[in-house]
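Data block below; observations after.
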Amino acid sequence: MQRVLSLLTFLMLLWTGPAALSQQTAAARLHDLFDREWERTMQENPTWASQLGDRRYAQRWEDVSLPAIRRSQQQTRAALAELRTIDFSQLSPDDRLNYRLFEQEYDMRVQ
């Protein structure tokens, strides 16, 4: 199942085409990924989001069910795959550091 979802994610990236990917700079793509993953983190961890002052999800509890964990793992793998499509050489030194830190964190989550 996970391989199928990974393949679908990869195919979606291919379907958007190189032209669509090249329209954004590497830095813009990196920051867009960071923003989306931050939002996902807040949604998946509403208690922590509330502690940080983000009360949008305060009415919910964390979903610790097996399907939710599997879904989160798949999304983490997809984010890591997307990260690796970003041209590292086009990033500023600060963004390169952020790229590597994000990559290391998500690699650990996958493992």
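One chain, two ends: residue 43 and residue 107. Fully extended at 0.36 nm per residue, the span grows by 21.0 nm beyond their Cα-Cα distance.
Summary of packing: across the peptides 31-41, 51-61, 72-82, the per-residue average of other C-beta atoms within 10 Å ranks them, highest first, as 72-82, 31-41, 51-61.
Throughout, read-outs are computed from the coordinates displayed, never taken from laboratory work. Remember, it's a predicted structure, so these values are computed and weren't measured experimentally. Glycine also receives a Cβ, built like all others from the backbone with ideal geometry; neighbour counts cover every protein chain displayed.
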